[in-house]
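This report refers to the structure that appears directly beneath it.
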Amino acid sequence: MAKQKYYVVWVGKVPGIYTSWGECQQQVNQFTGAKFKAFEARSEAEQAYAAGYKNYWGQQSGSGSSSSGSKSKSFKRSSASAAEDPGEIDYDSISVDVGTRGNPGPVEYKGVDTQTGDILFSCGPIQKGTNNLGEFLAIVHALAYLKKIGSTKTVYSDSMNALKWLKQKKVVSTLPRDASTKEIWDLVDRAEHWLRTNTYENKVLKWQTKSWGEIKADYGRK
């Protein structure tokens, strides 16, 4: 079970302290200049809400200034203070995720509009693969989809391995190449070829699950 988090909204539709990312999201979604942050304990959240956002929001580890450029209190990473600020979600984006049944096992993935949750593309189930291979395919599929329609939207993924492979334009996986995995390896080979022969301007970013909740494309199988 995920650990309870508390979300402080200093500037939003209805400022306050919320106990789920969904509630927080309702207050900050499409609200210009929204300022919010996740905390591990209610007492921390209450203290932060009372103190105001300038001491917390936009605070980077080791820095002494807030997002507005004004000086603010510095917090040690080891202290029981505010969680590291994940920044704001770019809702003009595509979020991708994978659904698996066993790892390795059958794999499917999809890309959704981060704002609405509408499915923009999907693939699978693929006979046999791994979660990370599916995540990699989903990212490349999103980039190819966006290039085809001439969009520079951001792409979000919650897989660090897939993001690393994307930068390398090369997958590093121990999944054997055999008859049962031929389908996914053929797709991976095509994806790697696409990366080597195409360019893109889109940002591909890590979805900050700890602060924002599950990615919009999540299959809910955890």
query = How much length, in nm to one decimal, is gained on full extension between residue 32 and residue 88, taken as 0.36 nm per residue of separation minus their Cα-Cα distance?
reply = 19.1 nm
Student exercise, the range 6-55 dipole from Lys, Arg, Asp, Glu Cβ charges, in Debye to nearest 20 = 200
key: Spatially close lysines, pair count over the range 93-206: Cα under 14 Å, gap of eight or more or interchain   = 7
Simple Cβ-charge dipole of the range 93-206, Lys/Arg +1 and Asp/Glu -1, about Cα centre, in debye nearest 20 = 360
key: Over the range 134-186: Kirkwood hydrodynamic radius from C-alpha pairwise inverse distances, Å   = 12.4
inquiry  = If you roll a 1.4 angstrom probe over the protein chains with everything in place, what fraction of the accessible area of the range 6-55 belongs to carbon and sulfur, to the nearest %?
reply    = 48
Simple spin-label estimate for residue 170 and residue 147 in nanometres, 7 Å along Cα-Cβ = 1.9
message = Please state the shape class of the range 6-55: rounded when a/c is under 1.5, otherwise prolate if a/b exceeds b/c and oblate if not, all from the C-alpha gyration tensor.
response = oblate
query = With all protein chains present, how much of the accessible area of the range 163-209 (probe radius 1.4 Å) comes from carbon and sulfur, to the nearest whole percent?
reply = 52
task = Would you work out which of 125, 165, 140 lies farthest towards the positive end of the dipole of the range 93-206? Charges go on Cβ: Lys and Arg +1, Asp and Glu -1.
result = 165
Largest to smallest principal axis extent of the C-alpha atoms in the range 110-222, angstrom = 39, 34, 22
ask   = Residues of the range 93-206: accessible area per residue at 1.4 Å, in Å²?
value = 50
note = Phi angles of the range 8-17, converted by Karplus (6.51 cos²θ - 1.76 cosθ + 1.60, θ = phi - 60°) into ³J(HN,Hα) in whole Hz with x for Gly and Pro, give 8, 10, 7, 10, x, 4, 9, x, x, 10
request  = May I ask you to derive the FRET efficiency for residue 198 and residue 51 from their Cβ-Cβ distance with R0 = 35 Å, giving the value to the nearest 0.05?
outcome  = 0.15
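The values are calculated or read from the model by the stated rules, or taken from the named source; none is laboratory data. Just so it is clear, the structure is predicted and the values come from calculations on it, not from any experiment. Every residue, glycine as well, gets a Cβ built from its backbone with ideal geometry; the counts of neighbours run over all protein chains shown. Ligands, DNA and RNA are excluded from the accessible area calculation, which covers all protein heavy atoms including side chains. Shrake-Rupley method; radii C 1.70, N 1.55, O 1.52, S 1.80 Å.
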